[in-house]
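Report on the following structure.
The values are calculated or read from the model by the stated rules, or taken from the named source; none is laboratory data. Here the structure is a predicted model, which means the values were calculated and not measured. Note that we place each Cβ from the backbone using ideal geometry, even for glycine, and neighbour counts take in every protein chain shown. Areas reflect the complete protein model, heavy atoms only, side chains present, ligands, DNA and RNA absent. Shrake-Rupley method; radii C 1.70, N 1.55, O 1.52, S 1.80 Å.
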Amino acid sequence: MRPKVFIDGEAGTTGLQIRARLEGRADLEFIRLDDKDRKDTKTREEALNQCDLAILCLPDDAAREAVSLVKNPRVKVLDASSAHRVQPEWVYGLAEMARVQPDLIARARRVTNPGCYPTGVILLLKPLVGKGLVPKDHPVSVNAVSGYTGGGKSLIEAFEGTTGAKEAPFTSYGLKLEHKHVEEMRVHCDLTHRPIFAPSYGNYRQGIVLQIPLPLWTFSKTIGGADLQSALAEYYRNSEFVTVVPAREVNAIDKVEPEKLNGTNKVELYVFSNDRHRQVILAAVYDNLGKGASGAAVQNLNLMLGLHEIGNLDLSKKAAHF
């Protein structure tokens, strides 16, 4: 029998993208609710307990409520909200973060999908912290710009609705230093201190450029950019979705484009270094709606249901806009 999948919150940004990526999957059966039933608790509860995998594309409080409605012990839950991302009883759904992670995801009954910004931070920093190349107590700073779809339907409407032409080309936010992704970054990178996180939106639809500056002259160990490059390249040597751009290519470019991987589940990592000044900028480029959300969710779905991990993760051109 084909496993049954129910997307609770299918009409939202992430839900629509997950659904688009799953179109044409003959190995899955979908439980779908009529528009009038999507907010009916009883109908949702029935669907949540009839499926093999429930994907929650809901605000945090609604996701917690949905989990409480699941009484069937056979049901696996994949939560795309931030409600459970630092909860130890939930498996963190970033398959590339550790060698054992795909197996943990496959065996788990509760998996939390990563946040868009923490995805890049963890892929860049976790291997380096684990190898002792970046100290756990280093005061990490993260700068990132995302396409406006990262803000969900309200921000999409602000940019694409009747007032869209008035939106600024660049908007910095999170200035109270309480962004909900920060603790997720700290926990899963095994950092001592909360990173300083400076997120922003650009006036373009999707794609992230994320940067972590590292003043190597402050480190107690003498390391260079080549050490960081080598460590990341080895860590992701056999990765299907994470590419560490070779140093010779990095040295030949002076800019990175946020939209180059849109519609895919891929990530590119860069190590920009100046050995004379002992300074490095780690950078990641990926689609905030792909590897930063729905692409990762479909990758996790495949693992949780024992299906081919790399199948149907990219978005077809005809479904790329919603």
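Things worth noting here:
- Here the condition is being of a type in the set (K, R) and part of a helix (DSSP H, G or I); of R85, R64, R2, R25, it holds for R64 alone.
- Taken over segment 1-43, the criterion of being in contact with a Lys or Arg (Cβ under 9 Å, 6 or more places away or on another chain), touching a residue at least 24 places away in the same chain (Cβ under 8 Å) and among the acidic types (D, E) is satisfied by D8, E10, D27, E29.
- Among the conditions (1) touching a residue at least 12 places away in the same chain (Cβ under 8 Å); (2) not in a loop (DSSP other than H, G, I, E, B), E46 misses just one, which is (1).
- Applying the criterion of being assigned to a helix (DSSP H, G or I), charged (D, E, K, R) and touching a residue at least 40 places away in the same chain (Cβ under 8 Å) to the residues of segment 146-184, the residue that is farthest from R194 (Cα to Cα) is K153.
- Filter result (free of Cβ contacts under 8 Å to residues at least 12 places away in the same chain and exposed (fewer than 14 other Cβ atoms within 10 Å of the Cβ)) within segment 224-237: E234, R237
- The condition (being under 13 Å from L305 (Cβ atoms) and open to solvent by 30 Å² or more (accessible area, probe 1.4 Å)) is satisfied by just one residue among R64, R25, R2, R32: R2.
- Any hit, segment 201-212, residues being closer than 19 Å to S82 by Cα and among the polar types (S, T, N, Q): no
- The set of residues in segment 86-97 that are crowded, with 17+ Cβ neighbours inside 10 Å and without any contact (Cβ under 8 Å) to a residue 60 or more places away in the chain comprises W90, V91.
- The criterion of being at pLDDT below 95 and surrounded by fewer than 21 Cβ atoms within 10 Å (Cβ to Cβ) holds for K221.
- Of everything listed in (1) farther than 16 Å from M304 by Cβ; (2) open to solvent by 60 Å² or more (accessible area, probe 1.4 Å), the single unmet condition for A83 is (2).
- Filter result for the condition that a residue is closer than 17 Å to V145 by Cβ, open to solvent by 70 Å² or more (accessible area, probe 1.4 Å) and either in contact with a strand residue (DSSP E or B) (Cβ under 9 Å, 6 or more places away or on another chain) or in contact (Cβ under 8 Å) with a residue 12 or more places away in the chain (or both), over E259, E240: E259
- Scanning segment 127-145 turns up one or more residues that are among the aliphatic types (A, V, I, L, M) and assigned to a helix (DSSP H, G or I).
- Applying the condition of being in contact with a helix residue (DSSP H, G or I) (Cβ under 8 Å, 6 or more places away or on another chain) and among the aliphatic types (A, V, I, L, M) to segment 99-112 and asking which residue is surrounded by the fewest Cβ atoms within 10 Å (Cβ to Cβ) yields A106.
- Of all the criteria given as (1) in contact with a strand residue (DSSP E or B) (Cβ under 7 Å, 6 or more places away or on another chain); (2) open to solvent by 30 Å² or more (accessible area, probe 1.4 Å); (3) under 20 Å from R85 (Cβ atoms), the one not satisfied by L125 is (2).
- The strands (runs of 3 or more DSSP E) located wholly in segment 198-283 that include 3 or more residues which are within 23 Å of Y173 (Cβ to Cβ) occupy 208-215.
- Residues satisfying the stated conditions in segment 98-121, i.e. free of Cβ contacts under 8 Å to residues at least 60 places away in the same chain and either of a type in the set (D, E, K, R) or within 18 Å of E10 (Cα to Cα) (or both): R99, D103, R107, R109, R110, T112
- In segment 266-322, of all residues being open to solvent by 40 Å² or more (accessible area, probe 1.4 Å) and under 15 Å from E240 (Cα atoms), the one that is modelled with the highest pLDDT corresponds to K266.
- Given (1) open to solvent by 60 Å² or more (accessible area, probe 1.4 Å); (2) closer than 27 Å to N288 by Cβ, index of the condition G15 fails: (1)
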